[in-house]
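Colleague: My questions all concern the structure below.
The values are calculated or read from the model by the stated rules, or taken from the named source; none is laboratory data. Bear in mind the structure is a predicted one, so any value in this text is a computation, not a measurement. Here the Cβ positions follow ideal geometry from the backbone for every residue, glycine too, while neighbour counts run over all protein chains shown.
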Amino acid sequence: MKIALIGYGKMGKAIEEIALAKGHEVVLRIDMDNQQQFTAENLSKADVAIEFTGPHSAVPNLEKLFDAGIPVVCGSTGWLESWNEVKAYCESKNGAFIYASNFSIGVNLFFELNTYLAKLMSRHADYEVSMEEIHHTQKKDAPSGTAITLAEQVLQHIKSKSGWVNQETGKAEDLLILSKRIDPAPGTHSIKYHSDIDDIEIIHTAHSRKGFAGGAVAAAEFLHGKKGIYSMKDVLGL
């Protein structure tokens, strides 16, 4: 499989390492210094693109990739206010697309665990739920995309909460996501249910970027040759 890497920072390099080890070929590497090479002609050499950039570049990058007819795996976060627009654009181009706030297989299993725990806890109003996420200081968005996904899962089931916030408000209906930026920290996410009697807490801690990178390559393998919009649930058969 021939891969175009859109974003060639630490994550892009980690994806490249795993892709090459699995026998794939990286035919294009785009970063801030070679934007002039981000052309339809160069993209035509690839079977799939993996896009890991930032909140402000993701949407125009995705539209350019859909225009080129390239299946896209996207791990950029902080742009989901444009989700409906991007989804419609992909469909209008008969494209192929997978977005995930986190491609780690472990995190996607953690998403399932979080949803199940929230369902169980929805019957027990004595517990107060809160969240915490820790990342390295270079992370551009807060809270993390993964934390927002986890919060939205909780909000589907814990009806005493009306929305998430990123700082303490003192309002009982707010679900607090406490964001910390500490080096070095690839990523830790925790969800705690606290009562006067006890605490119940689930935690996922990443030890390196390899989990995220490996999941992104697996998503690209899944998407190769397909049309439509998919998720990591489809990739993992969850």
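Colleague: Any residue at all in region 74-91 that's surrounded by 17 or more Cβ atoms within 10 Å (Cβ to Cβ) and farther than 27 Å from ILE148 by Cβ?
Modeller: No, region 74-91 contains no residue that is surrounded by 17 or more Cβ atoms within 10 Å (Cβ to Cβ) and farther than 27 Å from ILE148 by Cβ.
Colleague: Given the residues GLY228, GLY163, which is the only one that is surrounded by fewer than 18 Cβ atoms within 10 Å (Cβ to Cβ), among the small types (Gly, Ala, Ser), modelled with pLDDT of 95 or more and in the same structural domain as LYS87 (by TED's automatic domain parsing)?
Modeller: Going through GLY228, GLY163 in turn, the sole match is GLY228.
Colleague: For residues in region 166-212 being in contact with a Lys or Arg (Cβ under 8 Å, 6 or more places away or on another chain), of a type in the set (D, E, K, R) and surrounded by 12 or more Cβ atoms within 10 Å (Cβ to Cβ), which is modelled with the lowest pLDDT?
Modeller: Among them, the one singled out is ARG209.
Colleague: Just the residues that are hydrophobic (A, V, I, L, M, F, W, C) and touching a residue at least 60 places away in the same chain (Cβ under 8 Å), please, taken from region 119-135.
Modeller: MET121, VAL129, MET131
Colleague: Now for a separate question. Just one of (1) at pLDDT below 95; (2) more than 23 Å from ALA218 (Cα to Cα); (3) of a type in the set (S, T, N, Q) trips up SER76, so point out which.
Modeller: Against the list (1) at pLDDT below 95; (2) more than 23 Å from ALA218 (Cα to Cα); (3) of a type in the set (S, T, N, Q), SER76 comes up short only on (2).
Colleague: On to the next question. Working carefully through the options ALA172, ALA216, find the one that is among the hydrophobic types (A, V, I, L, M, F, W, C) and without any contact (Cβ under 8 Å) to a residue 60 or more places away in the chain.
Modeller: One residue alone meets the criteria, ALA172.
Colleague: I've got another one for you. Which of the residues belonging to region 93-150 are within 25 Å of SER57 (Cβ to Cβ), assigned to a loop (DSSP other than H, G, I, E, B) and touching a Phe, Trp or Tyr at 6+ places or on another chain (Cβ under 8 Å)?
Modeller: LYS93, GLY95, ASN102, PHE103, SER104, PRO143
Colleague: Give the residues of region 156-212 that are assigned to a helix (DSSP H, G or I) and among the charged types (D, E, K, R), sorted by residue number.
Modeller: Within region 156-212, just LYS210 meets the criteria.
Colleague: Kindly indicate whether LEU65 is farther than 27 Å from ALA185 by Cα, aliphatic (A, V, I, L, M) and assigned to a helix (DSSP H, G or I).
Modeller: yes
Colleague: Within region 186-197, can one find any residue that is of a type in the set (Gly, Ala, Ser), over 30 Å from ALA220 (Cα atoms) and not assigned by TED's automatic domain parsing to the domain that holds ILE70?
Modeller: yes
Colleague: Quick one: count up the residues across region 143-160 that are over 18 Å from PHE103 (Cα atoms) and surrounded by 15 or more Cβ atoms within 10 Å (Cβ to Cβ).
Modeller: 4
Colleague: Those residues that are without any contact (Cβ under 8 Å) to a residue 24 or more places away in the chain and small (Gly, Ala, Ser), I need them from region 136-163; list them, please.
Modeller: SER162, GLY163 - these are the residues of region 136-163 that are without any contact (Cβ under 8 Å) to a residue 24 or more places away in the chain and small (Gly, Ala, Ser).
Colleague: Looking at region 25-55, which of the residues that are under 19 Å from PHE97 (Cβ atoms) and not aliphatic (A, V, I, L, M) is surrounded by the fewest Cβ atoms within 10 Å (Cβ to Cβ)?
Modeller: SER44
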